[in-house]
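Some notes on the structure that comes next.
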């Protein structure tokens, strides 16, 4: 075997391996890739079956009904507490659903300053400025109730009342 032929062997092996990959291995990889893509398109059957079972057993519906009752009770309690504590200083309509409601703040009460004083007392509410495209203050406040239990709602309204008066 000459030196020229000996040097050609690695080149021939490389060519063979490259051809083998493109002819035999690459199509298999493409098939696996297509298989994963199909699985992704069609979803995970086990997960879908588990979710369907939860829905069939009414677990989700029972949870939704339970949470809805809790939120309604908290909403009604907050509305009662705010009405009792603030009277005409806040005007609002109790919403049919949701996790918060809006109240109009009376002309004599600066919602922005009140929110800052409330925050200093450890209770937060959002003012309309946060939702306004132009960033201007407006006489509205948004009070959330979903994450607070009855005792926490009472304490929050107590702190809101203390913050209304100022420091």
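The values are calculated or read from the model by the stated rules, or taken from the named source; none is laboratory data. Please read all numbers here as calculations on a predicted model, not as lab measurements. With ideal geometry, Cβ positions are generated from the backbone for all residues, glycine too; neighbour counts draw on all protein chains shown.
Of the residues making up region 41-55, those that are at pLDDT below 70 and part of a helix (DSSP H, G or I) number 2. The residues of region 95-105 include none that are in a loop (DSSP other than H, G, I, E, B) and at pLDDT 95 or above. Among the residues making up region 58-93, those that are outside any helix (DSSP H, G or I) and either surrounded by fewer than 13 Cβ atoms within 10 Å (Cβ to Cβ) or at pLDDT below 95 (or both) are 58, 93.
In this structure, does residue 141 turn out to be part of a strand (DSSP E or B), crowded, with 18+ Cβ neighbours inside 10 Å and at negative phi? Here the answer is yes, as residue 141 does meet what is asked.
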